[in-house]
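Student: Let me begin by handing over the structure; questions about it come next.
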Amino acid sequence: MNIGIILKLENLMLFPSTYRQLHILCRRRVCLVQWKLVPSYIYPGERPQKSKLPWKNSKKQQQEVEVWNGMTVEDLARAMNKDIDHVYEALLNTALDIDLLEPESPLDDVWIKEVLRKSGKKYKRVQLKQEKVRENKDAVRRPEADPTFLVPRFPVVTIMGHVDHGKTTLLDKLRKTQVAAMEAGGITQHIGAFLVSLPSGEKITFLDTPGHAAFSAMRSRGAFLTDIIILVVAAEDGVMKQTVESIQHAQNAQVPIILAINKCDKPEADPERVKKELLTYDVVCEEYGGDVQAIHISALKGDNLMALAEATVALAEILELKGDPTGLVEAIVVESRTDKGKGPVTTAIIKRGTLRKGAVLVAGKSWAKVRLLLDENGKTISDACPSMPVEIIGWKDLPSAGDEILEVESEQRAREVVDWRKYSEEQAKMKEDFKVIETKRKEHQDSHRRAREKLGSLNWKEREYRKYQEIKKMQNIKPKEKTEDLNTLPIIIKGDVDGSVEAILNVIDTYDATDECKLELLHFGVGDINENDINLAETFNGVIYGFSVNASKVIQQLAVKKGVRIKLHNIIYRLVEDLQEELSSKLSPSVEENVIGEASVLATFSVTVGKKQVPVAGCRVQKGQLEKKMKFKLIRDGCVIWKGLLTSLKHHKDDVSVIKTGMDCGLSLDEAKIEFKTGDEIICFEEKEVLQKTSWDPGF
């Protein structure tokens, strides 16, 4: 195609289409071209004609193009069945600076309309296409049973209180009363809940979870498993911080309290002072006209423990606790762990129905076909009725403490439920990700608009010079040096209640891998994540972990702006796993050697290279292959005496890059002082970096 071009010192005369192509070509090659466009060039003998955009269709051929919020340059080109350059061409000679546009840059509505107008297309706004809505396949609890079919059940009791006030001692004493008649050594382990049988025939299930996160997880999910709370207070210490927290737990969950005043055998014990102090927190004992039973005990000596059990049974009778032993099982996970011999194992308490071997259960995003049921003593049992603690074996994956267990009809149904829950979680995550994308898009548009307004009044020379100055300035300015240690992970913990924060801090207290990465706790507290948390995390380059709390949109936007990561969890075990992954990411990768080939030295000789004698080994490849570009090591009598690269690798007289199994070769090393001996081994290997994992095991 012949194009009429007249070159002058300052003028370049081109057709408009050619001008546009040249402009785009120069822009994409990052060149600065100065030209003066002559409106049109007329061949001799031709009549002047009105210029017409070559890509514009007639109105009859106009077609609709679907557009949506956040549409990028690439999206628009694809929707129009055009290439990206077509969009750039349409935006030439507009107020939009196309030098700042990238294929993934979002376009404002006004520029999308401009491109479509010039292209002869119609504008049609649509929502982002969504997948077909899937049918809800989740498992749900059965409707409440008819009260006439309910039968009495024994109570589920949690023991709570301050550290060192005797919770663990009391639990151990109650457990030992049940195994005193058994042979010594018969009990090798205990699970997170156990059953106590009284001489009267009554039974009580105790949750072995003092300071455990399970209670917080259950309450945050609305699964109120505990019927009664026994509040342990030391008679000589009185009400302490965690005593108040335990009271708040009980009041928030609307669970009745029995007061166990421990260590009454000590000379400095003052039970009456304890009762008076508790009045401040709305815990009124019977002696003061309230309904809270107060039992004076000594957990260490076992004094008055039976009176405590009888008081619990009496309160349970007043509460008229009843359960439904029929129909599909409903239960709550108290603890979950992985046993080397049994696989994933959960401790659960049955809320409804009767659990038997062979039942199919779902909990969270895991399911099980029950292979075995064990009691707290590790003995096999045939079934478990409401309020009974039971160890369940047969899970495909490990559920979390606080997860609700539901029985379903078949394994196929269990898979449907788990698939649906995973799908729901993915959809929720996609929505959150879309919100973040929208926030970033708006920020990009705002910064782009501010840049246009700032440079809009300047000509192109001044604009380019201003950009050059800003880039140069950014390169010269050194960022503020932060006191950041690559082997330190600063964190902030926020929880819904004190109990949740305490449980997380108890887990963090077990951290024992400081030599690998230092875990630094900047701050912890109760409540939603706020601006102070963001500012503190920015200062120390920390990570914010939230347990059952929220971060408002404003806070999330502030965190994105300041580069602060917020990680929200509803399950303590997931939070700890996330923390382990974060610690692992701070560790330097380890280097592993992958052997590619092995050869043995059959003969040694030397060759003259210039004025030097270079030792050469005659080898035969025994396994794999030798690759010249890889690393090698020389092994003699089981010891590595050299490691490095080859200077030459030959097959007969030819230089080669690869020698395969069974072939002979000659090779020389990059270290001329090393002499070969017959019987030496030559190993060819490659080094790969492997991400390390923290050695910290929190015990989950």
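Student: For segment 543-559, give me the residue count where each residue is assigned to a strand (DSSP E or B) and aliphatic (A, V, I, L, M).
Tutor: The total comes to 2.
Student: Just give me the residues in segment 231-278 being open to solvent by less than 30 Å² (accessible area, probe 1.4 Å), closer than 11 Å to Ala294 by Cβ and of a type outside the set (Gly, Ala, Ser), in sequence order.
Tutor: Residues satisfying the conditions are Leu231, Val233, Ile257, Ile258, Leu259, Ile261, Pro271, Val274, Lys275, Leu278.
Student: Phe149 is checked against (1) exposed (fewer than 14 other Cβ atoms within 10 Å of the Cβ); (2) modelled with pLDDT of 80 or more; (3) under 27 Å from Met240 (Cβ atoms) and fails just one. What number does that condition carry?
Tutor: (3)
Student: Hey, another quick one. If only one of Ile571, Ile555, Ile596, Ile493 is at pLDDT 85 or above, within 30 Å of Glu335 (Cα to Cα) and either among the hydroxyl-bearing types (Ser, Thr, Tyr) or open to solvent by less than 60 Å² (accessible area, probe 1.4 Å) (or both), which one is it?
Tutor: Sole residue among the options that is at pLDDT 85 or above, within 30 Å of Glu335 (Cα to Cα) and either among the hydroxyl-bearing types (Ser, Thr, Tyr) or open to solvent by less than 60 Å² (accessible area, probe 1.4 Å) (or both): Ile493.
Student: Would you tally the residues in segment 511-542 being part of a loop (DSSP other than H, G, I, E, B) and in contact (Cβ under 8 Å) with a residue 40 or more places away in the chain?
Tutor: Count: 7.
Student: Which is within 49 Å of the chain's Cα centre (by Cα), at pLDDT below 90, of a type in the set (Lys, Arg) and open to solvent by less than 60 Å² (accessible area, probe 1.4 Å), of Lys629, Lys586?
Tutor: Unique residue meeting the criteria: Lys586.
Student: With the condition kept exactly as written, say whether any residue in segment 443-463 is in contact with a Ser or Thr (Cβ under 8 Å, 6 or more places away or on another chain), over 30 Å from Thr94 (Cα atoms), of a type outside the set (Asp, Glu) and at pLDDT 70 or above.
Tutor: Checking segment 443-463: not a single residue is in contact with a Ser or Thr (Cβ under 8 Å, 6 or more places away or on another chain), over 30 Å from Thr94 (Cα atoms), of a type outside the set (Asp, Glu) and at pLDDT 70 or above.
Student: Additional query: Test Pro143 against the stated conditions and say whether it is in a loop (DSSP other than H, G, I, E, B), farther than 20 Å from Thr226 by Cα, modelled with pLDDT of 85 or more and not aliphatic (A, V, I, L, M).
Tutor: On the way: in a loop (DSSP other than H, G, I, E, B): yes; farther than 20 Å from Thr226 by Cα: yes; modelled with pLDDT of 85 or more: yes; not aliphatic (A, V, I, L, M): yes.
Answer is yes for this residue.
Student: Being open to solvent by 50 Å² or more (accessible area, probe 1.4 Å) and outside any loop (DSSP other than H, G, I, E, B) is the filter here, so list the residues in segment 652-665 that pass it.
Tutor: Passing the criteria: Asp654, Asp655, Val658, Lys660, Asp664.
Student: Can you tell me how many residues in segment 355-369 are without any contact (Cβ under 8 Å) to a residue 40 or more places away in the chain and either in a loop (DSSP other than H, G, I, E, B) or of a type in the set (S, T, N, Q) (or both)?
Tutor: Total meeting the criteria: 2.
Student: Please find, among Ala314, Ala331, Ala309, the residue that is part of a strand (DSSP E or B) and not aromatic (Phe, Trp, Tyr).
Tutor: Criteria check complete, one pass: Ala331.
Student: Among the residues of segment 300-314, count how many are closer than 13 Å to Lys263 by Cβ and over 47 Å from the mean Cα position of the chain (by Cα).
Tutor: Qualifying residue count, segment 300-314: 2.
Student: Another one. Only residues in segment 435-449 that are closer than 14 Å to Lys561 by Cβ and in contact (Cβ under 8 Å) with a residue 60 or more places away in the chain count as the first member; pair them with residues that are open to solvent by 80 Å² or more (accessible area, probe 1.4 Å) and in a helix (DSSP H, G or I), Cβ under 6 angstrom, at least 6 apart or cross-chain, and list the lot.
Tutor: Taking only residues 6 or more apart or on different chains, the pairs are Thr439/Gln557.
Student: Go through (1) of a type outside the set (A, V, I, L, M); (2) under 16 Å from Leu602 (Cα atoms); (3) open to solvent by 70 Å² or more (accessible area, probe 1.4 Å) for Pro615 and report which single condition fails.
Tutor: So Pro615 meets the others, but not (3).
Student: Condition check: surrounded by 18 or more Cβ atoms within 10 Å (Cβ to Cβ) and under 18 Å from Ser197 (Cα atoms). Does Ala307 satisfy that?
Tutor: no
Student: Within segment 496-510, can one find any residue that is assigned to a loop (DSSP other than H, G, I, E, B), touching a strand residue (DSSP E or B) at 6+ places or on another chain (Cβ under 7 Å), open to solvent by less than 40 Å² (accessible area, probe 1.4 Å) and under 27 Å from Leu587 (Cβ atoms)?
Tutor: no
Student: In segment 669-697, which residue that is aliphatic (A, V, I, L, M), in a loop (DSSP other than H, G, I, E, B) and open to solvent by less than 90 Å² (accessible area, probe 1.4 Å) is modelled with the highest pLDDT? Please lay out each step first, then the result.
Tutor: As a first pass, look at segment 669-697 and keep what is aliphatic (A, V, I, L, M): 669, 672, 674, 682-683, 690-691.
Still in the list and also in a loop (DSSP other than H, G, I, E, B): 672, 674, 691.
Then drop every residue that is not open to solvent by less than 90 Å² (accessible area, probe 1.4 Å), which leaves 672, 674.
Values: Ala672: 68, Ile674: 82.
Only one residue tops the list, namely Ile674.
Student: Go through Glu320, Glu286, Glu330 for me and flag whichever is at positive phi and not hydrophobic (A, V, I, L, M, F, W, C).
Tutor: Matching residue, one of Glu320, Glu286, Glu330: Glu320.
The values are calculated or read from the model by the stated rules, or taken from the named source; none is laboratory data. These numbers come from a predicted model, not from an experiment. Don't worry about glycine lacking a Cβ; one is built from the backbone with ideal geometry, like all the others, and counts go over all protein chains shown. Surface accessibility is based on the protein's heavy atoms, side chains included, excluding ligands, DNA and RNA. Shrake-Rupley method; radii C 1.70, N 1.55, O 1.52, S 1.80 Å.
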